[in-house]
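Quick notes on the structure that follows.
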Amino acid sequence: MITARLEALAEAAATANVHRRSGTVLHASGEMATATGINLEPREMVFVEDPAGRPLAAECSGASGAHSYLAVLDRGAIVAGAKVHASGRPPSAPVGRALLGRVLDGLGRPMDGGPDPAGVRWVSGYAEPPHPLDRAPIVTSLPAASAPSMDSLPSGVAKESASSPAPASARAPSSGCSRAVQRLTLP
C-alpha cells in the first residue's frame, strides 16, 4: 500500500509543471513572432497557442535582451498576447523502418491518417554530422548513369538552350587549356 502511494507520488512529481517556462507573444508578422517573458535557447522548439488554443510549433531563431524571436513552423494564426511554452529541446524528426510507406510532415506528425509513429528513434534536426572516418568503407560501387542524348530531351526550350551558345555575358572566362578541350570535344 505504501509502495503504491509512493509510485503515485513519484508519477505526479514527474509530470508536474514545476519548471515549465512560458511567455507571451508581443508581436507577430507573417512567419515570425516576437515573444517576451521567456528565456529561450537558439534553435529551441516552442509551442504558441493560436486563438482556438491549439499549439503551433515554432523555433527560437534568436534573442536580444528580453525578447525572443520565433520562426513559425506550423500553419496557423498567431496573435499578440498568445501564450508561448518552451519544450526544452530542438526540433526533431523520427527515423526508422516503421516509417516506410508513411507520409509525415517536417516535425514527424502523420499526414496520411495513420497513427503516430511507434518503434522509431527521434533525431534532432541540429545533430552533428558523423565523422567520415567512423563509417564503414564503401566496397561496392554503384553503376554510373549515362547522360541523356539530345534526342531524349523534351522538345522546345531544353533543346534550344542545350544547342544554343550562352550569351557572352553569361560565359565564364576561359583559359587556353579549356579552349583546347572545347576544340577536342565539340564538333
Tell me whether the stretch 105-117 contains one or more residues that are over 23 Å from residue 21 (Cβ atoms) and of a type in the set (A, V, I, L, M, F, W, C).
yes
Looking at the stretch 33-50, is at least one residue among the polar types (S, T, N, Q) and under 20 Å from residue 116 (Cβ atoms)?
no
State which residue pairs qualify: first residue over 11 Å from residue 82 (Cβ atoms) and inside the stretch 48-59, second residue in a strand (DSSP E or B) and of a type in the set (Gly, Ala, Ser) in any location, beta carbons under 6 Å apart, and separation of 6 or more residues or different chains.
59/71
Tell me, yes or no, whether the stretch 31-47 has at least one residue that is exposed (fewer than 11 other Cβ atoms within 10 Å of the Cβ), at pLDDT below 90 and of a type outside the set (S, T, N, Q).
no
Of everything in the stretch 32-47, what is under 13 Å from residue 87 (Cβ atoms) and either in a strand (DSSP E or B) or among the acidic types (Asp, Glu) (or both)? Give them in sequence order.
41, 44, 45, 46, 47
Kindly evaluate residue 104 against the criterion of being open to solvent by less than 100 Å² (accessible area, probe 1.4 Å) and either under 19 Å from residue 73 (Cα atoms) or acidic (Asp, Glu) (or both).
yes
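Here's the yes/no breakdown for (1) out of contact with any helix residue (DSSP H, G or I) (no Cβ under 8 Å at 6 or more places or on another chain); (2) modelled with pLDDT under 80; (3) of a type in the set (Phe, Trp, Tyr):
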site: 117; (1), (2), (3): no, no, no
site: 120; (1), (2), (3): no, no, no
site: 137; (1), (2), (3): yes, no, no
site: 150; (1), (2), (3): no, yes, no
site: 153; (1), (2), (3): no, yes, no
site: 158; (1), (2), (3): yes, yes, no
site: 165; (1), (2), (3): yes, yes, no
Kindly list the number of the only condition in (1) assigned to a loop (DSSP other than H, G, I, E, B); (2) under 27 Å from residue 44 (Cβ atoms) that fails for residue 122.
(1)
Of the numbered conditions (1) in contact with a Phe, Trp or Tyr (Cβ under 9 Å, 6 or more places away or on another chain); (2) at pLDDT below 90, residue 61 satisfies every one except a single condition; which is it?
(2)
How many residues does the stretch 107-122 contain that are surrounded by 10 or more Cβ atoms within 10 Å (Cβ to Cβ) and on the phi > 0 side of the Ramachandran plot?
1
Taking the stretch 60-95 as the region of interest, how many residues are open to solvent by 60 Å² or more (accessible area, probe 1.4 Å), free of Cβ contacts under 8 Å to residues at least 40 places away in the same chain, closer than 22 Å to residue 125 by Cβ and in a loop (DSSP other than H, G, I, E, B)?
2
So, in the stretch 13-30, how many residues would count as being at pLDDT below 70 and either open to solvent by less than 100 Å² (accessible area, probe 1.4 Å) or within 25 Å of the chain's Cα centre (by Cα) (or both)?
4
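The values are calculated or read from the model by the stated rules, or taken from the named source; none is laboratory data. Here the structure is a predicted model, which means the values were calculated and not measured. All Cβ positions, even for glycine, are placed from backbone atoms using ideal geometry, and neighbour counts span all protein chains on display. Note: accessible area is taken over every heavy atom of the protein model, side chains too, but ligands, DNA and RNA are not part of it. Shrake-Rupley method; radii C 1.70, N 1.55, O 1.52, S 1.80 Å.
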